[in-house]
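Structure first, commentary second.
The values are calculated or read from the model by the stated rules, or taken from the named source; none is laboratory data. Model, not experiment: these values are computed from the prediction. Cβ atoms come from the backbone with ideal geometry, glycine included; neighbour counts cover every protein chain shown.
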Amino acid sequence: MKSNHIRNGTKTSSFGSPGRINHDSASFYSSRLYEGLPKDKAVKYVENPIPSEFLNKIFCKSSENMEELSDNSVHLMITSPPYNVGKDYDENLSLNEYRAFLKKVWSEVNRVLVPGGRACINIANLGRKPYIPLHAFIFEDMFDLNFLMRGEIIWNKASSGSPSTAWGSWLSARNPTLRDIHEYILVFSKGTFKRGGPKRRNTISREEFLEFTKSVWTFSAESAKQVGHPAPFPVELPYRLIQLYTFEGEIVLDPFIGSGQTSIAAIKTKRNYVGYETNEEYVDLAKRRIKDFSLSFNTPRLFDFE
Ligand SMILES: C[S@@+](CC[C@H](N)C(=O)[O-])C[C@H]1O[C@@H](n2cnc3c(N)ncnc32)[C@H](O)[C@@H]1O
């Protein structure tokens, strides 16, 4: 057998890659392109319990400090951070201050995730004059915290995407502007790619797996008016991530939980949740929505607030 055909597989070609089956990519991953980037480590799986009084709860406080959660206790983090763009919950931070604030939260996320636990950040880029690629800054800050990047999902908001008619210059090359109809979901792992831990049930179907592993997701945005929060994501977004990245009964964290959509997706998929939110009104809104959903879904054990 030739050395470039390991177990009848293929090797990364020096010009293009015709074969994808049983692909030997060792030389690609040891190339200098990967120098200085966080690497997969052989880490022992540790999973600490979260005290039951803190589980399936939303804490009305800043997620810069999540002391209620033990180290290595959460299996998945999903969030859409405040955008610092003047929504009623936003502060007017400089870009550097904003990044420093988010980085504190990502650092806490890193502490509480189990080894191999995933962190999924939904973010849209901002402005036009010039455009601010927030997602690029988040990559940098996550790399800095040693998170491993797993990929990015483009969420195509399709017909519910930008209703903006800010063309810049209509039918003219003078200054046409792009109208974003997408957002990103950036996916990272803590320390190692694979999840370990006790054997638990997968709940994803074959059809869902085929669809959710694609890097472009198409579904509509959520109506802020209907939910009663200025920037909710649809339940479909955390639902897909939970199905793809966790086993039944595991714990999902949203450090900026807003109207509680991540909790609803967790309940729907028989996972546990924990959330943080600084605005009392949104905490009440989330609790109301979680309670209504749990009762309709017949899972009262996943909330215990009146
Ligand atoms: C983009 S919204 C999240 C919306 C949420 N994904 C949903 O579907 O409803 C960001 C939320 O973060 C909250 N927030 C802002 N600063 C926070 C902080 N330091 N800690 C926790 N929550 C915070 C805001 O009040 C806001 O509700």
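Of the residues making up region 108-122, those that are small (G, A, S) and out of contact with any helix residue (DSSP H, G or I) (no Cβ under 9 Å at 6 or more places or on another chain) number 1. Scanning region 266-284 for residues that are in contact with a strand residue (DSSP E or B) (Cβ under 8 Å, 6 or more places away or on another chain) and either near the ligand (Cβ under 10 Å from one of its atoms) or within 9 Å of V235 (Cα to Cα) (or both) turns up G275, Y276, E277, V283.
Does I181 fit the bill of being away from the ligand (no atom under 16 Å from the Cβ), in contact with a Gly (Cβ under 7 Å, 6 or more places away or on another chain) and under 26 Å from Q261 (Cα atoms)? Yes; evaluated as a whole, the condition is true for this residue. The set of residues in region 100-138 being farther than 20 Å from P238 by Cα and away from the ligand (no atom under 14 Å from the Cβ) consists of R111, P115, G127, R128, K129, P130, Y131, I132, P133, A136, F137. Taking region 16-71 as the search range and keeping residues that are aromatic (F, W, Y) and not in a loop (DSSP other than H, G, I, E, B), which one is modelled with the highest pLDDT? The extreme case among them is F59. You will find that of N92, N84, the residue that is within 16 Å of the ligand (Cβ to nearest atom), more than 19 Å from F139 (Cα to Cα) and assigned to a loop (DSSP other than H, G, I, E, B) is N92 and no other. Collect the residues in region 210-221 that are out of contact with any Asp or Glu (no Cβ under 9 Å at 6 or more places or on another chain) and within 15 Å of S159 (Cβ to Cβ), keeping them in residue-number order. Scanning region 210-221 gives a single hit, T218. Scanning region 37-55 for residues that are of a type outside the set (A, V, I, L, M) and more than 16 Å from T192 (Cα to Cα) yields a total of 6. Of all the residues that make up region 232-256, how many are within 12 Å of the chain's Cα centre (by Cα) and either farther than 13 Å from I185 by Cα or more than 7 Å from the ligand (Cβ to nearest atom) (or both)? Residues flagged as within 12 Å of the chain's Cα centre (by Cα) and either farther than 13 Å from I185 by Cα or more than 7 Å from the ligand (Cβ to nearest atom) (or both) within region 232-256 amount to 13. Just so you know, in region 95-140 the residues that are part of a helix (DSSP H, G or I), in contact (Cβ under 8 Å) with a residue 60 or more places away in the chain and of a type outside the set (A, V, I, L, M) include one that is surrounded by the most Cβ atoms within 10 Å (Cβ to Cβ), and it is E108.
Conditions (1) in contact with a His (Cβ under 7 Å, 6 or more places away or on another chain); (2) of a type in the set (G, A, S), marked per residue:
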{"position": "A158", "(1), (2)": "no, yes"}
{"position": "Y184", "(1), (2)": "yes, no"}
{"position": "V187", "(1), (2)": "no, no"}
{"position": "F193", "(1), (2)": "no, no"}
{"position": "F209", "(1), (2)": "no, no"}
{"position": "F212", "(1), (2)": "no, no"}
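With respect to the stated conditions, K11 is surrounded by 12 or more Cβ atoms within 10 Å (Cβ to Cβ), of a type in the set (D, E, K, R), at pLDDT below 95 and over 30 Å from G228 (Cβ atoms).
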